[in-house]
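The values are calculated or read from the model by the stated rules, or taken from the named source; none is laboratory data. Keep in mind that what you see is a predicted model, and the values were worked out from it rather than measured. No Cβ is skipped: glycine too gets one built from the backbone with ideal geometry, and neighbour counts run over all protein chains shown.
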Amino acid sequence: MRRNVARTARALAALAAVWTLGPGTAEAMVLGKPVHGLTLYGEPKFPADITHFPYANPDAPKGGTIVRSAIGTFDSFNVFSFKGNKPHPGIIHYQGNGWFFFFNEPLMTLGSDEPYTRYCLLCETVEVAPDRKSIEFVLRPEARFHDGSPVTADDVIFSLDILISKGHPRYKLYWGDVVRSEKTGERSVRFHFKDDKNTEIPMLMGELPVLSKKWWEGRDFEAATLDIPNATGPYRLDRFEAGRYFVLKRDPNYWGKDLALNRGAYNFDELRVEYFRDDDVAFQAFQNGSVDLRIEVDPARWAAGYDKALVDAGAIVLDSWTTGQPDEGFAFLMNMRKPQFADRNVRKALALAFDFDGANKTVGYGLMAPFTSFWQGSELAATGLPKGEELAILEKYKGRIPDEVFTTPFAPPRTPDEGALRQNLLDAQKLLAAAGYEIRDGALTHVKTGEALAFEILLRIPTFEKWVGAYTRNLERLGIKATMRIVDPTQYLNRVSEFDYEMTVAEQPFWGGMSNSPGNEQRENWGSAAADRQGSENWIGVKDPVIDEIVEALIKSETRESLVAHTNALDRVLMWGHYVVPTFSKPDLWWARSGKLARMDVTPLVGQLPALWWEDTEKAAKVAEVLRNRNAPAETDGNNSKTLLMALAGAVGLVVLFMIFRRRRA
């Protein structure tokens, strides 16, 4: 198995720095006193009097524009509703993925160089009760919405109430442990929890986005709308054309511009998001300088697709790095709501038909690693055989989970040569026969129902077409008919939200991206309660009481060691359940950026943060000159082409005249 040693070492070092405590020190969240930040265990890495984060440049110049691309369309700025096509969170939010706040800031912001820490943003202080049954936030007096009105306790209480009652269904699972909100002052609010078992809930309350009660009252919170919300962030929506682009403009009166945690951030005057019909067009827009930043997922394009002349000239910079987060994973996800995937033997057989090694050579340029875990590349991934606390967790479920959990380390099928692939397909045939299938008229058919085993693989971008094409050819050798369908991103999201698919490529940055600190979101990813609720992240449709129990115990873990053990157990049960066809993971992040964009050399644990970048005006001028020169030959070629066409036309004319002359002579 390929291991990303640099990434693993970095992640473990960061975890050790945060969670290794001295003798006699309780590994627990700070309780019973107002603090500037919270961690799940212990204390924040940075003190209250910090002047700026070390991964930010406090002297970064302001100005310029940064442009990103998006695929598909949008028709709503209500990011909290289930309805409408909204700008993707990966484009508009700063937390966790390094972009920018657009709509509503949360009470606390993410510490980007720590596994799970939040620092006060809208709040001035936060205090978790000694019994862990409540948490109180005191708001900053200077916090303001864009209309100049102060952020109040009433706004905070309103936000939680309306998100749970009328927002996207996921919010009910996220903050469902809150039983009561209490206004303790004009700038202070306390949330009461149903018990002290959910160790993560105080952190989750810090993620609460604060909405303007005055602005939202009287509006339909569940509706899609292009109305510009009254928000608190550093940028305001300046202009847009639905489905084509929107532009955010830096607010010079942003209330939080002088906060230490914002120093060196939000340096661009404008942020522009351009929408394209497909990824190929977006890629060309990046190459011609119309887009400034691109996150690449296609290994073929990364290896050989970028214009070498532009890279050599510094007009394009290709950055490849690791972070302390789990690797980005990709898998063929089976919809368990469909009858053809009900039998575990069938699911295992489908995994045996995937030729990772062959596809990685021809399609992946050797850049990918086999998919081995949902938390691959971190200590949360299950490896070897279970032991210690993880073994004790799993032993409670003997007879209810696959026996292999205890006897065999999970490993995806490998195909180092054609002989290995043939053997895998022979093993798959045996499993399919055990599931009641046989070949009839060339199609794999169930002997009792008479139904042929067939399914559609739904894709949102053509990047995965080659991977899927190689897979379907192997399935055909087994008598299984698998078709491939590519739809636009909007249709794709609608279909997966309604569970209207049979198999799809699950991209972890797009679906179920795993963090180093799993918690309540695992209910949304794997919980039975989420399986039948449209719009949930349980795309697979897992409904297993064992998994539900492990998830609940994971959420209630009181130490980091216990959290790791429960996550290992969950990962192991999921992988041995064969709910996905393990395909490949991407150990490194690939980002292509314009040479005009400058950044710090220091990379925090979560990876690079474009919200901390700035425009280098000297480099911007050089990039513009390179792009002008690049286009010049194209114009010359065009003139040469016109000249050639005129010459050909003249020659044809002479031939015609010659033939006419000969006919007259005859």
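Return a yes/no flag: does the range 409-425 have any residue that is within 32 Å of the chain's Cα centre (by Cα), over 20 Å from Trp576 (Cα atoms), of a type outside the set (A, V, I, L, M, F, W, C) and in the same structural domain as Gly535 (by TED's automatic domain parsing). Yes: one or more hits. Among all positions in the range 466-478, there is no residue which is charged (D, E, K, R), in contact with a Leu (Cβ under 9 Å, 6 or more places away or on another chain) and surrounded by 15 or more Cβ atoms within 10 Å (Cβ to Cβ). In contact (Cβ under 8 Å) with a residue 40 or more places away in the chain and either of a type in the set (Asp, Glu) or within 24 Å of Lys83 (Cβ to Cβ) (or both): is that true of Glu241 in this structure? Spelling it out, it is not the case that Glu241 is in contact (Cβ under 8 Å) with a residue 40 or more places away in the chain and either of a type in the set (Asp, Glu) or within 24 Å of Lys83 (Cβ to Cβ) (or both). Elements of the type strands (runs of 3 or more DSSP E) sitting completely within the range 109-158 and holding at least 1 residues that are surrounded by 20 or more Cβ atoms within 10 Å (Cβ to Cβ) and hydroxyl-bearing (Ser, Thr, Tyr): these cover 117-120, 134-139.
One line per residue, one yes/no per condition, for (1) within 30 Å of Trp302 (Cα to Cα); (2) in the same structural domain as Val468 (by TED's automatic domain parsing):
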| site | (1), (2) |
| --- | --- |
| Trp576 | no, yes |
| Val581 | yes, yes |
| Gly595 | yes, no |
| Leu609 | yes, no |
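Of the set (1) crowded, with 21+ Cβ neighbours inside 10 Å; (2) assigned by TED's automatic domain parsing to the domain that holds Glu418; (3) closer than 30 Å to Asn516 by Cα, all apply to Ala353 but (3). Considering the range 433-542, the qualifying helices (runs of 4 or more DSSP H), each wholly inside and each with 3 or more residues that are over 19 Å from Ala342 (Cα atoms), run over 465-477, 489-497, 521-526. The requirement of being within 16 Å of Phe356 (Cα to Cα) and either touching a Leu at 6+ places or on another chain (Cβ under 8 Å) or in the same structural domain as Lys543 (by TED's automatic domain parsing) (or both) is not satisfied by Gln376. Residues of the range 588-602 include at least one that is touching a Pro at 6+ places or on another chain (Cβ under 9 Å), at pLDDT below 90 and either within 27 Å of Ser515 (Cα to Cα) or acidic (Asp, Glu) (or both).
Just wondering, is there one or more residues in the range 179-191 that are basic (Lys, Arg), surrounded by 17 or more Cβ atoms within 10 Å (Cβ to Cβ), out of contact with any Pro (no Cβ under 6 Å at 6 or more places or on another chain) and not in a strand (DSSP E or B)? Taking every residue of the range 179-191 in turn, at least one turns out to be basic (Lys, Arg), surrounded by 17 or more Cβ atoms within 10 Å (Cβ to Cβ), out of contact with any Pro (no Cβ under 6 Å at 6 or more places or on another chain) and not in a strand (DSSP E or B). Against the definition (of a type in the set (A, V, I, L, M, F, W, C), crowded, with 16+ Cβ neighbours inside 10 Å and touching a Gly at 6+ places or on another chain (Cβ under 9 Å)), how does Leu431 come out, yes or no? Here the answer is no, as Leu431 does not meet what is asked.
All conditions in (1) surrounded by 13 or more Cβ atoms within 10 Å (Cβ to Cβ); (2) at pLDDT 95 or above; (3) aliphatic (A, V, I, L, M) hold for Ala621, with the sole exception of (1).
Pairs meeting the criteria (first residue in the range 402-418 and under 23 Å from Asn474 (Cβ atoms), second residue polar (S, T, N, Q) and not in a loop (DSSP other than H, G, I, E, B), beta carbons under 6 Å, at least 6 apart or on different chains) are Pro413/Asn424.
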